[in-house]
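Here is the structure we will look at.
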Amino acid sequence: MSAHKISKSQFLKGLQCPKSLWLYRHRKDLAPEITPDKQELFDTGSAIGELAKQYFSGGVEITNEYWDVQGAVEATKSYINRGENIIFEATALHPIDGGYSRIDILKRVQGSDEWDLIEVKGSTSVKDYHYDDMAFQYHVFHAAGYKIRSCQMMLLDNTYIRIGKIDPKGIFKFEDITPHGLAKQAETEAVSGQLGYVLERKEEPKISIGAKCFAPFECDYRPYCWAHVPDYSVYDVFQKPKAEEIAKLYGLSLEKLPRDVWPSGNKALDLESYLNGQELVDTDNIRAFLSELQYPLYFLDYETLMPAIPLFDGTRPFQQIPFQYSVHVQQAPSSALEHKEFLHQKQSDPRRTFVEKLVQDCGTQGTIIVYNQAFEIARNNELAADFPEYADSIKSINDRVIDLLVPFRSRWLYHPNQKGSASIKAVLPAFTDLSYDGLEISHGGEAMRQYGAFMSGNLDASFWDALWEDLSAYCKQDTYAMVVLLDVLSQHRETQG
């Protein structure tokens, strides 16, 4: 047997990039911090795993520590010998390459000595990397002597609607991926053997950066391996596989890129602006955009919750639940701003109260300005479907929406400091001295995470007032940013580009 035991997660890391696995095992000093967002993913996965166990009755669980692989293997065999049919965290060890697997659920085929491998995932569909995940588990269990009938993915069913207590039999669905797992066995066996040799090396593998650093996940060691890459490089103006080819020929720097290999479309405009150090200004389109605005103006932004396990009756897994909005109102071009907001501060479904206040605060006339209208309009359509008594009012709001993202995404106004991004967090500091730096909550994911902790009862009440203040400041910054950027557009309506 190989001197190096390799878990499923380590196999997947090494499959993406052997250097990543080597760094994981040999350079503990480079281990990335577990961020709050990543910890939330772990916690959500654990909650889904616990719910999956409730689907099966009479199951037993292997509880050995993660490092006690041999003990877990022996405990699994002991449960099998005493006739258990469902084993959670069942563990097997490959007798040759040292690979080991802890399958979420090992289920005996009734009346036989065959088994089903069942892996629980917090997603609603099978992803490509799930095939590699299951292929490795089959590789290990099969080599360890188990007769495997099928490889099953246990996924969240996004058509499930919660009514009362979560129904484990209703929220999950199964997908048989046995053919995919079997088709990958030759590759899995070869890679497993190769990774053992990689880990035996004392020196760090010399592997170039490339598209693999991003797929299927962005590598934890990218800050280390990419330390030499310019802040704005060929990887920002080409698709990743194309950028890898370009970098091999011309290097990473954009300054050395021959004109005949430049990208097309907006990326070419971005590159020209960056290299020339000049803004792009399309006054005709800016004026046309501004001419569509009708006062009063409502600058509107939402924050949402998206729990994997639905919290409220009538909602589905991963459904976006609006819980907060900010709206700045300007009655006329020279009038002072008014600010209105809504933030649900109870551990209950916020949607009805959200809609009632939204309809009131958005009035019946004037343009509603958002940044990326697809998001707000989609949420509004969902709210209209769930609360049909407000459908007409919500449709009226949607009919008045204009997207402030359009002028920046279309490069009617573009600053070289945007470096290819039309995100409001890139555009705002490019044209103004404002930014999101210094805010306790500075991005939507953090707002979602912290509010989710409150809503699920995992945030102590002593922190609630601070949370309301931080959420209010963040959402208010979004709508004020739109006010400022609209003014920036107005200032450029006569600028010659």
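Does ALA243 meet the test of being outside the structural domain of LYS13 (by TED's automatic domain parsing), assigned to a loop (DSSP other than H, G, I, E, B), at pLDDT 95 or above and of a type in the set (Gly, Ala, Ser)? Considered against the rule, which asks whether it is outside the structural domain of LYS13 (by TED's automatic domain parsing), assigned to a loop (DSSP other than H, G, I, E, B), at pLDDT 95 or above and of a type in the set (Gly, Ala, Ser), ALA243 comes out as no. Looking across GLU356, GLU376, GLU382, one residue alone is without any contact (Cβ under 8 Å) to a residue 40 or more places away in the chain, part of a helix (DSSP H, G or I) and either under 16 Å from ILE397 (Cβ atoms) or outside the structural domain of GLU469 (by TED's automatic domain parsing) (or both). It is GLU356.
Kindly check whether there is at least one residue in the range 321-341 that is of a type in the set (Val, Ile, Thr) and under 15 Å from LEU297 (Cα atoms).
Yes: the range 321-341 contains one or more residues that are of a type in the set (Val, Ile, Thr) and under 15 Å from LEU297 (Cα atoms).
Whether any residue in the range 151-171 is within 19 Å of VAL60 (Cα to Cα) and aliphatic (A, V, I, L, M) is what I want to check. Looking through the range 151-171, at least one residue is within 19 Å of VAL60 (Cα to Cα) and aliphatic (A, V, I, L, M). For first residues located in the range 479-495 and more than 20 Å from GLU376 (Cα to Cα), partners that are part of a helix (DSSP H, G or I) and polar (S, T, N, Q) and lie 6+ apart or on another chain with Cβ distances below 8 Å form the pairs HIS492/THR283; ARG493/THR283; GLU494/THR283; THR495/THR283.
Note on the range 278-327: among residues that are among the charged types (D, E, K, R) and in contact with a helix residue (DSSP H, G or I) (Cβ under 6 Å, 6 or more places away or on another chain), the one that is farthest from ASN417 (Cα to Cα) is GLU303.
Can you find a residue in the range 435-446 that is assigned to a helix (DSSP H, G or I), of a type in the set (A, V, I, L, M, F, W, C) and either on the phi < 0 side of the Ramachandran plot or at pLDDT below 95 (or both)? No, the conditions are met nowhere in the range 435-446. Checked against (1) in contact with a Lys or Arg (Cβ under 7 Å, 6 or more places away or on another chain); (2) surrounded by fewer than 13 Cβ atoms within 10 Å (Cβ to Cβ), TYR160 passes all but condition (2).
Tell me whether the range 204-219 contains one or more residues that are among the small types (Gly, Ala, Ser), in a helix (DSSP H, G or I) and under 30 Å from HIS94 (Cβ atoms). Looking through the range 204-219, at least one residue is among the small types (Gly, Ala, Ser), in a helix (DSSP H, G or I) and under 30 Å from HIS94 (Cβ atoms).
The single residue among ASP386, ASP361 that is buried (at least 16 other Cβ atoms within 10 Å of the Cβ), more than 29 Å from the chain's Cα centre (by Cα) and at pLDDT 95 or above turns out to be ASP361. Could you tell me whether TYR66 is at pLDDT 95 or above and either aromatic (Phe, Trp, Tyr) or not in a helix (DSSP H, G or I) (or both)? No.
Residue count for the range 282-328, restricted to those that are acidic (Asp, Glu), within 32 Å of the chain's Cα centre (by Cα) and not in a strand (DSSP E or B): 1. From the list ARG108, ARG27, the lone residue that is at pLDDT 95 or above, surrounded by fewer than 16 Cβ atoms within 10 Å (Cβ to Cβ) and charged (D, E, K, R) is ARG27. ILE394 - would you say it is assigned to a loop (DSSP other than H, G, I, E, B), touching a residue at least 12 places away in the same chain (Cβ under 8 Å) and on the phi < 0 side of the Ramachandran plot? No.
Scanning the range 397-410 for residues that are in a helix (DSSP H, G or I) and under 28 Å from GLN491 (Cβ atoms) yields a count of 5.
When ALA52 is tested against (1) without any contact (Cβ under 8 Å) to a residue 40 or more places away in the chain; (2) touching an Asp or Glu at 6+ places or on another chain (Cβ under 8 Å); (3) buried (at least 19 other Cβ atoms within 10 Å of the Cβ), just one condition goes unmet, and that condition is (1).
The values are calculated or read from the model by the stated rules, or taken from the named source; none is laboratory data. For clarity, every value in this text was computed on a predicted model and none was experimentally measured. Note that we place each Cβ from the backbone using ideal geometry, even for glycine, and neighbour counts take in every protein chain shown.
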